[in-house]
Amino acid sequence: PFIIALMTEALELTGSEKVLEVGTGSGYQAAILAELARLVITVERLPTLTEGAKRVLDSLGYTNVVVHLAEKTLGWQAEAPYDAIMVTAGAPRVPVDLLAQLAIGGRLVVPIGSRYVQELYKVTKRRKKNIVQNLGGCRFVSLIGEGAWEEE
């Protein structure tokens, strides 16, 4: 719960944002984001997790969360740009595809490092040079997809 709180706080949500979550899992984080943002688009690569999260979020009455199956791509370009993007899996580097989906002034929070241990980074997109902050060490499952890790 601590790392989820840290990541959520780093997004600096005010209630008016459109947020992308990469890695839906159970839908827990999407529900938290839905309480703090106008709209949450969440993508998951595993069909069973996608369907389970849809059921749970629907049963809880979340009407501002849209769950998509996105097996090979990072993000959901159809709804871009996003005011904030949260990645709940570790990447080898800042995913360029996700930065492209982020609005100017938007915040991307992503674990970066090896498959087994990462540092949590917050990237604020600027017109000329992005602002990058290291928020500390963390451990997440590997981000799988184009521009990230290949499936083992």
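Any read-out appearing in this document is the output of simple, stated calculations on the displayed coordinates, not a laboratory observation. Please read these numbers as outputs of a predicted model, since none were measured by experiment. Here the Cβ is made from the backbone with ideal geometry for all residues, glycine too, and neighbour counts use every protein chain on show.
A few notes on this one:
- All positions within the stretch 71-91 that are aliphatic (A, V, I, L, M) and buried (at least 24 other Cβ atoms within 10 Å of the Cβ): Leu74, Ala84, Ile85, Met86, Val87, Ala91
- Test: residue in the stretch 46-68 that is under 23 Å from Arg139 (Cβ atoms) and either touching a Phe, Trp or Tyr at 6+ places or on another chain (Cβ under 7 Å) or charged (D, E, K, R) (or both): no
- Count of residues meeting criterion [crowded, with 17+ Cβ neighbours inside 10 Å, in contact with a Leu (Cβ under 7 Å, 6 or more places away or on another chain) and either in a helix (DSSP H, G or I) or aromatic (Phe, Trp, Tyr) (or both)] in the stretch 43-59: 1
- A single member of Val67, Val40, Val19 is hydrophobic (A, V, I, L, M, F, W, C), assigned to a strand (DSSP E or B) and either over 19 Å from Gly105 (Cα atoms) or without any contact (Cβ under 8 Å) to a residue 12 or more places away in the chain (or both), and it is Val67.
- Answer from Ala53, Ala100, Ala78 - the residue that is within 17 Å of the chain's Cα centre (by Cα) and free of Cβ contacts under 8 Å to residues at least 12 places away in the same chain: Ala78
- Residue check, Leu36 touching a strand residue (DSSP E or B) at 6+ places or on another chain (Cβ under 9 Å) and either of a type in the set (Val, Ile, Thr) or closer than 21 Å to Val123 by Cβ (or both): yes
- Taking the stretch 22-37 as the range and being assigned to a loop (DSSP other than H, G, I, E, B), surrounded by 20 or more Cβ atoms within 10 Å (Cβ to Cβ) and out of contact with any Phe, Trp or Tyr (no Cβ under 9 Å at 6 or more places or on another chain) as the test, the residues that pass are Thr24, Ala37.
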